[in-house]
Structures are given as C-alpha cells and as structure tokens.
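Right, one structure below, let's go through it.
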Amino acid sequence: MDRRYFLKLLAGASALAVSSCAGNAASSRTPRIAEKPAAGGPAEVFAAGVEKDSPEQLIKHAVRDTAEAATDFSWLYPGDVVFIKPVLNSGYPYPSTTSPVAIAAMVELLREKGAARVIVGDMSGVEHVKLSPDGLKGSSRSLMEKSGMAEAVQASGAELHFFEEAGWDAFYEETPTAGDCWNGGLMMPKILKEADHIVLMPRCGRHVLAGSTLGLKAAVGYWRADTRLEYHHNASTFHEKTAEANTVETLLKKQRLVLTAADRILTTFGPDKGYVLQPETGLVIASTSIVAHDMVSLAWLLENRRVIPESEQNGFLDTSTMVAGYANRYVVSMLGGFGKAMFSEPLIKNDVKSIFDDRILNHAYHIFGGVPDVIIKDAGNPIPESLKNRLAEMTAFQG
C-alpha cells in the first residue's frame, strides 16, 4: 500500500510531547518535563547564499566554499578513505534526497585534498528496501540511480556502496555512549570500519514522524532492520533515540563535517513527498557540530514553512498526531509484522513552532553538553544580512 494513500484514511488528533527518557522507552508513556538544558560553548555554522535557479557550477562553488570555511581538512591525510553519508530514503529527487550536485562537489573537493577513496553509501527506507536474514527485497542502488545521485557520484570519481548488498552479517553492534532510551546496541554497517573519516550530507526537510529530517535523523540510514524495528516499535522515545544514536563511538570519532545543500526545501509532510519550496536565496549550511548544524537547518526549514502557498498547505497530513501514530505502526508492520505493530508503543508527535520545541534537538542538548552558542558566519557568497539576523534570533538560547 502506498503510504500517502494509507495516511489519507486517517483522522487528526492532538497529544502531549515526551521530552525525555526515564530509564527506557516504555517508562516514557507518562510525559514529563525534561530538565532544562544548560548552555554549551560556541559553535560556528557557515552558510553560503545560492540564488534561485543557479547553475550547477555556482552551487558547487557554494558547497566548496562552505566546506572549506567549516574545516581546514587537517584531519585528511593522503591515502585516507572518506565515507560520505547522504540521505537516500527513497528514489525521489532532491530535496527528498540529498542534492547530487552537492555530493559531486564534495567528492571532487575530498579527492583534491588527498583522499585515496571516497565512498558514498546508504540504505533506503523499509517501504523500498527490506533486508532480512532470509533475503532481500528492493534495491538502494536502483533508487540512487532513479534519484540522480548515482550518476553524479560516479562521474565525480567516488565509489557506490549499499549496505544491504553486503548481506545481513555485514553489520556490527555498537552501543550509544550517552542516554538510556535504547534497549540494545545498534547494528551498523561494517563498511564504516574501512573509512578513516565520515562526511554527513543530509537534506533540509519535513518528516511526518519526526517533524523534520536533518543531520541527526540521517543516522537511521546506517541501521539494519532489527535496529530500525526497535526504533519504531518502542516509539514513545522515537525522537530521543534519534539523538542518542549519534553518540556511537564510530560517529563520534570519525564524523568530521556536516553539510547540507538547502536551496530547495521539502516544507511539508515528508520524508518522500511534500511541497518543495525554492527560495529566492537558498543556503548551503556546514558545521563540524551536528547539533549546531541542525539548529540552523531547522530554523531554515521553519522560516520557509512560513511562506508556503496557502494552496499547498495541508494541516491534516502535515501536523496530525494521529497520522504520525498510524504511519509509525504501518512502518512497524513492514519491519516486524502486524503482531508487532498492534503492540507497538504510541508515537507522540509534537508541533514544532520553534527549534526549541524539537524533541530530537532538546535531547541532543543534554547528551552533547548543552545548547551550543551558535555563531553564523558567511562562506563565499554572503546571505542577506536580514536573513542571517533572523536565523541568529531563531537559534539564540535564552537560558
């Protein structure tokens, strides 16, 4: 069944948001207020402006400028292997998936900096690809080709890698180093052990379950189906588990940069379908801090949601907590069968009006050492001063 058709059958409702874990997922069924997060240290986020309908070369320049402003690449030695993690949840084109132009620019830059191998890989959502001990249905490779990403990757000189093609046993277990929402370890792809460095390249978009899909949410693409089943089945801490998954040792030690091309934004519904908005000045956003990156990226998503044409707004599908709850049970049924879906925990979706309403980020502040003091800086083509001030205001922590 097509998910969009499935969701149209559902009705809307409202619910309280769960803001923290209380030992494990099940204990969060009674919502409680999380301890107020402390302020963290300064974190720079770099942004380059991209004018509407810019040619590919200008977008590539913006990606390079932003990446080189965010890091000096001193971590990259000649002969190193770099893994680029895009978002390939489906075969839909950018911004439902990561920008092919941005990936090509990053591959070219990494090769110039001395990388011997650049590998680009992911595993798509269970609606499209399902790996089990008994076999495989679907293909991330075919979806990457459909999205236009594969051609850009190969033309730029990188390798393709799809986790499911290596089989069920090509994963290793890794436990988050912070938080207590996961019952077990996460099954991560062994290809990450071959990489010296990871560059994360998400997109900026809406997500029917999580509210948004940015850098922290991109971790889901690494996981084997059994980890995804726990994630969706124990759904009362779905958002908190998202944040905690980014504290596994591999990501903490190897992830060097988070960069998003956001000259097109998926502003409604998501993660696959929704209204694509192309602002007059788009952004490329980069930081070495995934939390600071996501604060600015979410602010950019919210800013663009303010100007969605009325004809494209659909509050029922976009904001309904019941839609999110039933959609999550549908995902559980695909991962573990209808029995698992019937007894899965309810997903409680909160309405994100500001970045400080977001449960993923709110939990990330606790486990990553506080709310970063975000400093937005120009990289390459400067963004309008009014926009920079607006994003700074939206990301400012009041304490």
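The values are calculated or read from the model by the stated rules, or taken from the named source; none is laboratory data. Quantities reported herein were computed from a predicted structural model and do not represent experimental measurements. Methodologically, a virtual Cβ is constructed for each residue, glycine included, from the backbone with ideal geometry; neighbour enumeration extends over all protein chains shown.
Looking at Leu301, is it in contact with a Cys (Cβ under 6 Å, 6 or more places away or on another chain), under 30 Å from Leu257 (Cβ atoms) and either without any contact (Cβ under 8 Å) to a residue 12 or more places away in the chain or not small (Gly, Ala, Ser) (or both)? Let's see the steps before the verdict.
Details: in contact with a Cys (Cβ under 6 Å, 6 or more places away or on another chain): yes; under 30 Å from Leu257 (Cβ atoms): yes; either without any contact (Cβ under 8 Å) to a residue 12 or more places away in the chain or not small (Gly, Ala, Ser) (or both): yes.
Taking the combined requirement at face value, the residue satisfies it.
State all residues of region 101-138 that are outside any loop (DSSP other than H, G, I, E, B), within 30 Å of Leu335 (Cβ to Cβ) and over 16 Å from the mean Cα position of the chain (by Cα); if no residue qualifies, say none.
The answer is Ile119, Lys130, Leu131, Ser132, Gly135, Leu136, Lys137.
All but one of (1) part of a helix (DSSP H, G or I); (2) out of contact with any Pro (no Cβ under 7 Å at 6 or more places or on another chain) hold for Gly369; state the number of the condition that does not hold.
(1) is the only condition that Gly369 fails.
Output the number of residues of region 211-236 satisfying the condition of being surrounded by fewer than 24 Cβ atoms within 10 Å (Cβ to Cβ) and hydrophobic (A, V, I, L, M, F, W, C).
Residues flagged as surrounded by fewer than 24 Cβ atoms within 10 Å (Cβ to Cβ) and hydrophobic (A, V, I, L, M, F, W, C) within region 211-236 amount to 4.
For region 211-227, how many residues are under 10 Å from the mean Cα position of the chain (by Cα) and either assigned to a loop (DSSP other than H, G, I, E, B) or under 29 Å from Ala166 (Cα atoms) (or both)?
Total satisfying the criteria: 9.
Check off (1) in contact with a Gly (Cβ under 6 Å, 6 or more places away or on another chain); (2) surrounded by 24 or more Cβ atoms within 10 Å (Cβ to Cβ); (3) not in a loop (DSSP other than H, G, I, E, B) for Ala243 and give me the number that stays unchecked.
(1)
For region 146-159, does any single residue satisfy the condition of being in contact with a His (Cβ under 7 Å, 6 or more places away or on another chain), more than 24 Å from Ala245 (Cα to Cα) and either modelled with pLDDT under 95 or surrounded by fewer than 21 Cβ atoms within 10 Å (Cβ to Cβ) (or both)? I'd like the intermediate steps shown before the answer.
Of region 146-159, the ones in contact with a His (Cβ under 7 Å, 6 or more places away or on another chain) are none.
Within region 146-159, none of the residues are in contact with a His (Cβ under 7 Å, 6 or more places away or on another chain), more than 24 Å from Ala245 (Cα to Cα) and either modelled with pLDDT under 95 or surrounded by fewer than 21 Cβ atoms within 10 Å (Cβ to Cβ) (or both).
I need a count of the residues in region 246-255 that are under 15 Å from the mean Cα position of the chain (by Cα) and either closer than 26 Å to Leu136 by Cα or outside any helix (DSSP H, G or I) (or both). Show your work before the answer.
The initial filter retains those residues of region 246-255 that are under 15 Å from the mean Cα position of the chain (by Cα), namely 246-247, 251, 255.
Cutting the leftovers down to either closer than 26 Å to Leu136 by Cα or outside any helix (DSSP H, G or I) (or both) gives us 255.
Residues meeting the conditions: 1.
Listed residues Leu302, Leu298, Leu317; which is assigned to a helix (DSSP H, G or I), of a type outside the set (Gly, Ala, Ser) and within 15 Å of the chain's Cα centre (by Cα)?
Details: Leu302 fails: within 15 Å of the chain's Cα centre (by Cα); Leu317 fails: within 15 Å of the chain's Cα centre (by Cα).
None of the others qualify; the one that does is Leu298.
Residue-by-condition table, conditions (1) closer than 27 Å to Thr288 by Cβ; (2) of a type outside the set (A, V, I, L, M):
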residue	(1), (2)
Pro93	no, yes
Ala102	yes, no
Leu109	yes, no
Ile119	yes, no
Gly157	yes, yes
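Which ones in region 272-295 are assigned to a loop (DSSP other than H, G, I, E, B) and under 19 Å from Val101 (Cβ atoms)? Don't jump to the end; show me each part of the working.
At the first step, the residues of region 272-295 found to be assigned to a loop (DSSP other than H, G, I, E, B) are 272-275, 278-280, 288-289.
Those that are assigned to a loop (DSSP other than H, G, I, E, B) and under 19 Å from Val101 (Cβ atoms): Gln278, Pro279, Glu280.
Restricting to region 372-399, and then to whatever is small (Gly, Ala, Ser) and outside any helix (DSSP H, G or I), can you tell me which residue is farthest from Val248 (Cα to Cα)?
If we filter region 372-399 for residues that are small (Gly, Ala, Ser), which is where we start, we get 379-380, 386, 392, 396, 399.
This time we only want the ones that are outside any helix (DSSP H, G or I), so: 379-380, 396, 399.
On the way: Ala379: 30, Gly380: 33, Ala396: 28, Gly399: 28 Å.
It comes out as Gly380.
Quick one: Ser74 ticks every box in (1) assigned to a loop (DSSP other than H, G, I, E, B); (2) surrounded by 15 or more Cβ atoms within 10 Å (Cβ to Cβ); (3) polar (S, T, N, Q) bar one, so which box is it?
So the condition that Ser74 fails would be (2).
Under 9 Å between Cβ atoms, at least 6 apart or on separate chains: pull out the pairs that start in region 321-336 with a residue that is in contact (Cβ under 8 Å) with a residue 60 or more places away in the chain and under 14 Å from Lys130 (Cβ atoms) and end on any residue that is in a helix (DSSP H, G or I) and among the charged types (D, E, K, R).
Short answer, once both residue conditions are applied: Tyr330/Arg3; Val331/Arg3; Val331/Arg228; Val332/Lys340; Leu335/Asp226; Leu335/Arg228; Gly336/Asp226.
Would you mind finding the one in Ile285, Ile290 that is within 16 Å of the chain's Cα centre (by Cα), more than 22 Å from Asp180 (Cβ to Cβ) and crowded, with 21+ Cβ neighbours inside 10 Å?
Values: Ile290 fails: more than 22 Å from Asp180 (Cβ to Cβ).
Matching residue, one of Ile285, Ile290: Ile285.
Considering every residue within region 224-246, establish whether at least one is under 29 Å from Ala62 (Cα atoms) and basic (Lys, Arg).
There is no residue in region 224-246 that is under 29 Å from Ala62 (Cα atoms) and basic (Lys, Arg).
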